[in-house]
Each structure stands twice: as structure tokens, then as C-alpha cells.
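The values are calculated or read from the model by the stated rules, or taken from the named source; none is laboratory data. Keep in mind it's a predicted model, so treat the numbers as computed, not measured. Quick reminder, even Gly has a Cβ in these numbers, built from the backbone with ideal geometry, and neighbours come from all protein chains shown. For accessibility, only protein heavy atoms count, side chains too; no ligands or nucleic acids. Shrake-Rupley method; radii C 1.70, N 1.55, O 1.52, S 1.80 Å.
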Amino acid sequence: MSSPVSYWILNSARNSIATLQGGRHLYSRCVSSRNKSKRTLFPWVSSTLKNNAPCGDFALPKAYRHTSTEEDDFHLQLSPEQVNEVLRAGESAHKILDPVSGVPNSVLRFESNQLAANSPVEDRRGVASCLQTNGLMFGVFDGHGGHACAQAVSERLFYYVAVSLMSQQTLEQMEEAMESMKPMLPILQWLKHPGDSIYKDVTSVHLDHLRVYWQELLDLHMEMGLNIKEALMYSFQRLDSDISLEIQAPLEDEMTRNLSLQVAFSGATACVAHVDGVHLHVANAGDCRAILGVQEDNGMWSCLPLTCDHNAWNQAELSRLKREHPESENRTIIMDDRLLGILMPCRAFGDVQLKWSKELQRSVLERGFDTEALNIYQFTPQHYYTPPYLTAEPEITYHRLRPQDKFLVLASDGLWDVLDNEDVVRLVVEHLSEAGRHKPDLAQRPANLGLMQSLLLQRKAQGLHVADQNAATRLIRHAIGSNEYGEMDPERLTAMLTLPEDLARMYRDDITVTVVYFNSDSIDAYDKRG
């Protein structure tokens, strides 16, 4: 028998769907203020529905996805072990080895996880080391309007950054290898996560554009390459420009052409951290977020935000948008807390329908694409006068690491919608505290049944029987399973994990989390060496 919580979630969602269903498309309304979808398709929704909507809007592309809302298909029979299996399916963890130089790495290890709400999941993540330069890169990419753009950015952006940092000599070696058709120098070493498909869909077009980029860097005749801030800034914008150009150019291969269209017309926000010794740079475009967990000398913990969300609640973003467009558009740039009433983030890759002119959009889409089969959103906002309205230009933060900087958390907005910065730091600290506890030494004590029962009861009371070994999993567990008082509610957790795929997106977003732990001793040694 399903629990009262699960029945309430199911029935309220079903009622919302029944209210808004009509014709071939289904326009669902979010019934929980904790979940804010990236994009809504206002031109297809009547003003009556908009005015009666309980909170932010989103659209599911096709009505036939909603096939599992009957009570017979909705059962909450997951055991605690099965709940853990679902939560931990996307886990990964890596210990970072010291480089050949023998200098200890400032990054000790990282833990990551991902939980889908969309089907397929629209978030992506990436971790890679730069083989021709120093540094580790960590990225979280939050897609919207499909997964294609997030997939492309997660596969390609790190290459642009790595090439930007290369010296003139290394770039010359890369170019000579291409000209003579010899193997190139390896650029990145990927540390893969479950389900990763690094360069699965790569084409020669992508490599051609990367090559054009490094040829332009060669023309600058910079012996040492760009600095990391310039590299991040140019890489974000250059990749976004290439995504736009790839679909404008004639492509003979149908698969490549269709993929390029999906990448350009979907979108993705991105947050990337580059760590080189004590130098931490974070580049952010959109509403993913990065924070530092800091332990002060007195033992107290605090949070240091490294990014600002680029959305309607960011006054600096509002001012920027108003500066870039005529004063006559001040009232229409942001409507219903969304860019042009459509998109929540104000910076993103792709989303060419908010960057191209109407004429360019028509000329591209009239080349015989089956836009419905490709799930391409075609719409023009009501007040679309002076594009582009959207940019992939990142905001970059530099922080010199200190021994008290213990960990970095990168996550998509599915986490930050339900947990604030301080909650996230607290939960990671609790995870570290639990992981550091010593197991009882039974060899020094009589191992009788009474003692064993006592220990088991203690563990059950402390919740250690479900303790997560991965901090990212702990964060996801609490993000979807905590009640209004911030306490873990197993019933709610099970209900959220067993929602049919057509309802899950109404109550939670895709959540992707990476926790990076720093080596305080190594950072201290860097400081002492000056």
C-alpha cells in the first residue's frame, strides 16, 4: 500500500495534468515552489492557464510521455536497500595521484553523483587533467530543452580551455602533427563517471573548429599562451560561437546535421573549476553554483560562495541586460522572472532562438529538418526585437587556496533549489565526521550477543546503517528526502524516487554534484615555498 505522502504527490500531480491537457501537447504546471524549470513555452499556453498557474511554468514536449499516472502503475515498495541502489547508481570517486614531478597535488580526491528527473537526464559532468599544462578541471553542465547541448559542452569545452593554455611551442607541435597526419599530443586525461560517453558523437567538424582556434592562437605569437582567466573567458565564448556556426554551415552528413541542430536549439548552463596548485579559478555561465567549505582556525565551519546565479534575482544581471538593449525593452526583457518570459538563466550555451535574428532562424529551419522528430522547440517570444538576449560569457572568480579551504562543491541548480549554501557545507562536514569515526575494536572487548545487540542498536539510532560513502550522494539524499524542518523523511525520499518519469520533473530537477577535497598539507607546502 502506498503511503499518504506518495498518494498526495501523485494525486496533486495528476490533477495538474488533467487541468492543463489539451490537443497534441501537454502543458504542465509545477505544483511545488521548490522546483523551477529552466524553460517555458508561453506562446502555446493560454493566458487563462498562465494566470491560474500556482507557480513557475514548464512544458513536456509530448503528451504520450504521460503513460504511468494510473494508481496501478504507482507503487511505493522500495526497500531501504533499493533506495540506496537508486541513489548510488551514479556515484564515482577518484583519488588524485601526485604528478611525476613529485610535488604533492593540492587536490586530494573528489566524489560525484547524479540523479535524473528528466528522461533522459539533461545534466552532464566532467573531470579531466590537462596533459600539456598543469591543472585539473571539474565541470557541471545543466541542460534544458533536451540534453544535446549539455552533452556537447561537457565533451568539448575542456579541450578549448586546454588548448588556450598551451605554449606556442606546443601549439606548433599540434599543428605539425595535423599537417603531416601524425598522432597529436594527448590533450586531456578524462576521469570518467558512470554513463559517460566522452566524444561518443564527436565528428571531424568539432576537431576542425578546435584546430582553427589553435591556429588563431598561434597567430597571436604568445610564447606562454593565455593566462587561465583569459583561457576560460575565450573558451566559453568561442565554443558557443562554434556551436552556432556549425549548424549555419552546409553539412552533408544527415546525422551530424541533425545533432548540430539539436545542440544549437537546446541549451546548457556551465560551471567549471580549474585547480593548479593553490590557484583556483571558477568560470560560471548560468545558475549552476560553486562554493568552498572553509574551516576556520577556531574549528568553526563557514561557506565561501565562488559564483553568482545568473537569473532574474541577480540585480547585476538585470542591469547588464538593460544596458545591452533599448530602454523601451526594460519592461519586457524579464517577465515572470524569466528572460523574455522564457528562460530562467540569463547566460547559457546554445539557445540560438534567443540569440539569432528571426530571419536567420527561419533560413536554417527551412532546410528540410524534421523539427518535430528532432524535438526542436520553435517559438519566437512576443517581445523579440534586438537579439542576442543571451550570452555564454562566463563570470570568473579567482581564489588562492589556503590550508583552511577544505572542499569545493560544484552542483547544478537542482541541488541549490532545495538546499542553501550553509546546508550543503553542513552536510559535507557531517559526512566527513562520520567517515572519520573509528569502528569499535571488538578484539579488546568480550564479543557476546549483548554487546553486539547494543552496538547494532547504536548504529541504527545514529543512522549509520544507511551511511553514504560518497558526500555527493548524501547531498542528493537530503535534497529530495528532507521535510520542511530539514529532517530526513524516509517516506518522502521513497515517494520522490518512485514517481513515474512523467511526474518526477514536476517535483524535482536533475541533480548533479561534485565534491572536491583539498590537501591542506600540500597547500601549506605551496605557501611555504612562496
## Note on the structure
Filtering the stretch 159-179 down to residues that are open to solvent by less than 10 Å² (accessible area, probe 1.4 Å), touching a strand residue (DSSP E or B) at 6+ places or on another chain (Cβ under 7 Å) and in contact (Cβ under 8 Å) with a residue 60 or more places away in the chain yields V161
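Kindly indicate which of D287, D297, D242 is in contact with a His (Cβ under 9 Å, 6 or more places away or on another chain) and in a loop (DSSP other than H, G, I, E, B).
Of D287, D297, D242, the one residue that is in contact with a His (Cβ under 9 Å, 6 or more places away or on another chain) and in a loop (DSSP other than H, G, I, E, B) is D287.
I want to confirm something. Restricting to the stretch 322-339 and keeping residues that are over 20 Å from C288 (Cα atoms) and open to solvent by less than 50 Å² (accessible area, probe 1.4 Å), which single residue is nearest to the chain's Cα centre (by Cα)? Write out each step before concluding.
Filtering the stretch 322-339 down to residues over 20 Å from C288 (Cα atoms) leaves 322-333, 335-336.
Right, trim to open to solvent by less than 50 Å² (accessible area, probe 1.4 Å) and you get 325, 329, 332-333.
Numbers: H325: 29, E329: 31, T332: 28, I333: 25 Å.
Among residues in the stretch 322-339 that are over 20 Å from C288 (Cα atoms) and open to solvent by less than 50 Å² (accessible area, probe 1.4 Å), the one nearest to the chain's Cα centre (by Cα) is I333.
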### Query
For F236, are the conditions met, namely being surrounded by 14 or more Cβ atoms within 10 Å (Cβ to Cβ), touching a Gly at 6+ places or on another chain (Cβ under 9 Å) and either at pLDDT below 90 or within 21 Å of D287 (Cα to Cα) (or both)?
no
#### Entry: Members of the stretch 519-530 that are at pLDDT 90 or above, open to solvent by 10 Å² or more (accessible area, probe 1.4 Å) and of a type outside the set (D, E, K, R)
N519, S520
#### Entry: Meets criteria (out of contact with any Gly (no Cβ under 9 Å at 6 or more places or on another chain) and touching a residue at least 60 places away in the same chain (Cβ under 8 Å)) for D351
no
### Task
Filter the stretch 416-437 down to residues that are outside any helix (DSSP H, G or I), of a type outside the set (K, R) and under 14 Å from A467 (Cβ atoms), then give me how many there are.
1
#### Entry: Residues (open to solvent by less than 10 Å² (accessible area, probe 1.4 Å) and not aromatic (F, W, Y)) located in the stretch 391-412
A392, P394, L401, D405, L408, V409, L410, A411, S412
## Note on the structure
Expected single match for in a strand (DSSP E or B), open to solvent by 10 Å² or more (accessible area, probe 1.4 Å), under 29 Å from V121 (Cβ atoms) and not hydroxyl-bearing (S, T, Y) among C308, C303 is C303
### Task
Would you be able to say whether some residue in the stretch 375-382 is surrounded by 20 or more Cβ atoms within 10 Å (Cβ to Cβ), part of a loop (DSSP other than H, G, I, E, B), in contact (Cβ under 8 Å) with a residue 40 or more places away in the chain and touching a strand residue (DSSP E or B) at 6+ places or on another chain (Cβ under 8 Å)?
no
### Task
Assess whether L499 counts as being open to solvent by less than 40 Å² (accessible area, probe 1.4 Å) and part of a loop (DSSP other than H, G, I, E, B).
yes
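For (1) small (G, A, S); (2) open to solvent by 30 Å² or more (accessible area, probe 1.4 Å); (3) modelled with pLDDT under 95; (4) closer than 30 Å to F379 by Cα, each residue gets a yes or a no:
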position	(1), (2), (3), (4)
S47	yes, yes, yes, yes
N52	no, yes, yes, yes
F74	no, no, yes, no
V83	no, no, yes, no
L97	no, yes, yes, no
S101	yes, yes, yes, no
P104	no, yes, yes, no
S112	yes, no, no, no
S119	yes, yes, yes, yes
### Query
Pick from the stretch 277-299 the residues that are at pLDDT below 95 and open to solvent by 40 Å² or more (accessible area, probe 1.4 Å): which of them is nearest to R125 (Cα to Cα)?
E296
